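Taking it in order: structure first as structure tokens, then the write-up.
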Amino acid sequence: MGKPVPAIPAIEDFLPIRSMDALRISFLFAVTAVAEIVGCYLTWLVFKQGKGALLLLPAALALGLFAWLLTLHPAAAGRTYAAYGGMYIAVALVWLRVVDGVSLSRWDVAGAVIALIGMAVIALQPPGG
């Protein structure tokens, strides 16, 4: 009998972080960005569009949620904020398209891709850097 054939390694075997961890981090950053944008947008509606001041209550709640969501990341605060910035850019551009109805340029899309790559490099680095 010959030697047993070794198993073919999965892509995850070469990455410092598992796929589910990457998805969880990305999802958490996306939800965090939506909370921040909603809080800021509601505040903007009050001060720039003359909407009712009662919108400041859900705005404050959304911004509180945003701050709390940032605490759920195990990385140091500065690293979390830096990585989050990439996802914020992408989500803000989706907001621009969906809520504001503005078409995205190829530069918008390219910038979002670059920002998301930056987020991944920072957020998915191996422990100990």
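Here are the numbers for this structure:
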item	result
Rough spin-label spacing in nm, given labels placed 7 Å along Cα→Cβ, for Leu61 and Val121	4.0
Ellipsoid semi-axes in whole angstrom, largest first, where each is sqrt(5λ) of the Cα gyration tensor of the chain	38, 18, 12
Nearest 10 degrees, 0 to 90: helix 77-98 Cα axis against the chain principal axis	60
Angle in degrees between helix 106-123 and the longest Cα principal axis of the chain, rounded to the nearest 10	60
Under 16 Å from the Ala82 label point (7 Å along Cα→beta-carbon), backbone N, region 92-129	115-129
Rounded to 10°, Cα long-axis angle of helix 56-70 versus longest principal axis of the chain	20
Nearest-20 debye value, the chain charge dipole, Cβ charges on Lys, Arg, Asp, Glu	80
Relative contact order computed over the chain (Cα-Cα under 8 Å; 6+ residues apart), in percent	28
Order of Arg79, Arg106 under a 10 Å beta carbon neighbour criterion, fewest first	Arg106, Arg79
Pairwise FRET efficiency - Leu23 versus Val99, Cβ, R0 = 22 Å, nearest 0.05	0.35
Efficiency of FRET between Tyr41 and Ala75 - r from beta-carbon atoms, R0 25 angstrom, step 0.05	0.40
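Read-outs: derived from the displayed coordinates by stated rules, not from any lab. Please read these numbers as outputs of a predicted model, since none were measured by experiment. Neighbour counts are summed over all protein chains in view; Cβ atoms, including those assigned to glycine, are modelled from backbone coordinates with ideal geometry.
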